[in-house]
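All of the numbers you see were taken from the coordinates with simple rules; none came from a lab. None of these values were measured; they are calculated from a predicted model. Counting neighbours? That spans all protein chains shown, and the Cβs are built from the backbone with ideal geometry, glycine included.
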Amino acid sequence: MRVAASWSGGKDGCLSCYKALRQGHDVAYLVNFISSEYRRVSFHGVRARIIRRQAEAVGIPLVQYSIPPDMAAYEKKFKQAVSSVKRKGVEGMVFGDIYINEHREWIERVCGELGIVPLLPLWGISPTVVLGEFIEAGFKALVVSASASIFDQHWLGRTLDQHCLAELQALDQQGRCDVCGEQGEYHTLVVDGPIFRRRVQLLAGARVERDGRWFLDFARCWLKPK
């Protein structure tokens, strides 16, 4: 099936895209939304231009839309974006959601209204298994945003690896954080992996705390051959 992937630049959407490709789907587009106010991915804090370079590294065309902060406006823009790729032959949309039912219900309703098949390759899988599979597949992702009530600023820029997984499992057992950050506890930016044709190289910039969250900015971004 010719599909598009919902793309924030983070690990779950990336792993879902990878799984869709392995299942034989033709991922024709990455669909990304950025804040119209900040020109960054909402909650992740990653600049729009870095997402464009990331998509270039993957080698799949990016469809990028800016959105106002309210949900009604998001749904309208989402429908515009999906309708635009549907006109280009897309029949399905890939999402990285794992277990939040209200997210799935929204996805199924909106995709149903658009006549698009929703695909959720990670749905119902244990978050520990999801993150473990992401790491074992050879993906590399950096923590770019995190709740200041759970994490200190030293988590920013960390590469998700087995050590991180163990620490996140411990936080999960304490009831403080889902292993995959499914409730928004932290967000990531994927810089390399099996679907990447080139690596994303980043020069870290400022660490900023805003509205109870830590954000990592980047001073420079470039691509490197693998």
Checklist outcome for this item: Residues whose modelled amide H sits under 5 Å from the amide H of ALA141, counting only those 5 or more places away in sequence or on another chain, are LEU160, VAL191
Checklist entry - Mind checking the dipole of the range 2-119: about its Cα centre, +1 per Lys or Arg Cβ, -1 per Asp or Glu Cβ, Debye to the nearest 20? => result 520 debye
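Please state, as a whole number in µm²/s, the translational diffusion coefficient that the Stokes-Einstein equation yields for the range 73-159 at 25 °C and 0.890 mPa s, with Rh defined as the Kirkwood radius across alpha carbon pairs.
The Stokes-Einstein estimate is 159 µm²/s.
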Checklist entry - What's the FRET efficiency of GLU136 with LYS77 using the Cβ-Cβ distance as r and R₀ = 45 Å, to the nearest 0.05? => result 0.80
Checklist entry - How about the range 1-101: which GluC sites (Glu not before Pro) there lie in a loop by DSSP and see at most 13 other Cβ atoms within 10 Å? => result GLU37
Item to check | Whether the range 2-119 is rounded, prolate or oblate, judged on the alpha carbon gyration tensor where a/c under 1.5 counts as rounded | outcome: rounded
Checklist entry - Could you give me the ³J(HN,Hα) list for the range 161-172, computed from phi with Karplus coefficients 6.51, -1.76, 1.60 and θ = phi - 60°, whole Hz, x at Gly and Pro? => result 9, 5, 5, 4, 4, 4, 5, 5, 5, 5, 5, 5
Checklist outcome for this item: Per DSSP, the loop-located trypsin sites (Lys or Arg not before Pro) within the range 73-152 having at most 16 other beta carbons within 10 Å are ARG87, LYS88
Checklist entry - Who wins for biggest fluctuation among SER35, SER145, SER84 in a Gaussian network model of the chain, springs between alpha carbons below 10 Å? => result SER84
Item to check | Rounded if a/c under 1.5, otherwise prolate or oblate - the range 127-225, Cα gyration tensor axes | outcome: oblate
Checklist outcome for this item: Karplus-derived 3J(HN,Hα) from phi for the range 116-121 (6.51 cos²θ - 1.76 cosθ + 1.60, θ = phi - 60°), whole Hz, x at Gly and Pro, runs 10, 7, x, 10, 10, x
Checklist entry - What number, rounded to the nearest 500 deg cm²/dmol, is the helix-based mean residue ellipticity at 222 nm of the chain, given -39500 (n - 2.57) per DSSP H run of at least four residues and division by all its residues? => result -10500 deg cm²/dmol
Checklist entry - For the chain, what is the Kirkwood hydrodynamic radius in Å, using each pair of distinct C-alpha atoms? => result 17.7 Å
Next on the checklist: Taking the Cα centre as origin and putting +1 on Lys and Arg beta-carbons and -1 on Asp and Glu beta-carbons, what dipole magnitude results for the chain, to the nearest 20 debye?
Outcome noted: 1280 debye
Checklist outcome for this item: Interchain or sequence-distant (5+) residues whose placed amide H lies within less than 5 Å of the amide H of ILE67 are ILE34, SER35, SER36
Next on the checklist: For the chain, give me the percentage of DSSP beta bridges that are antiparallel, rounded to the nearest 5 percent.
Outcome noted: 55 percent
Checklist outcome for this item: The alpha-carbon center of the range 34-106 and that of the range 163-198 are separated, in whole Å, by 20 Å
Checklist entry - R0 = 45 Å: FRET efficiency of GLU113 with HIS154, Cβ-based, nearest 0.05? => result 0.55
Item to check | Max mean-square fluctuation residue, GNM over the chain, Cα-Cα springs under 10 Å, options LEU202, LEU189, LEU122 | outcome: LEU202
Checklist entry - In the structure displayed, which of LYS19/LYS226; LYS88/LYS226; LYS19/LYS86; LYS19/LYS88; LYS11/LYS224; LYS19/LYS140 lie more than 25 Å apart, Cα to Cα? => result LYS88/LYS226
Item to check | Average Cα contact separation per residue, the chain, under 8 Å, 6 or more apart, as relative contact order % | outcome: 22 percent
Checklist entry - Amide H to amide H, which residues 5 or more places from VAL31 or on other chains are under 5 Å from it, using H placed in the peptide plane? => result ALA5, SER6, TRP7, VAL63
Next on the checklist: Let me spell out the model: positive unit charges on the Cβ of Lys and Arg, negative unit charges on the Cβ of Asp and Glu, origin at the Cα centre of the range 97-226. What dipole size does that give, in debye rounded to 20?
Outcome noted: 840 debye
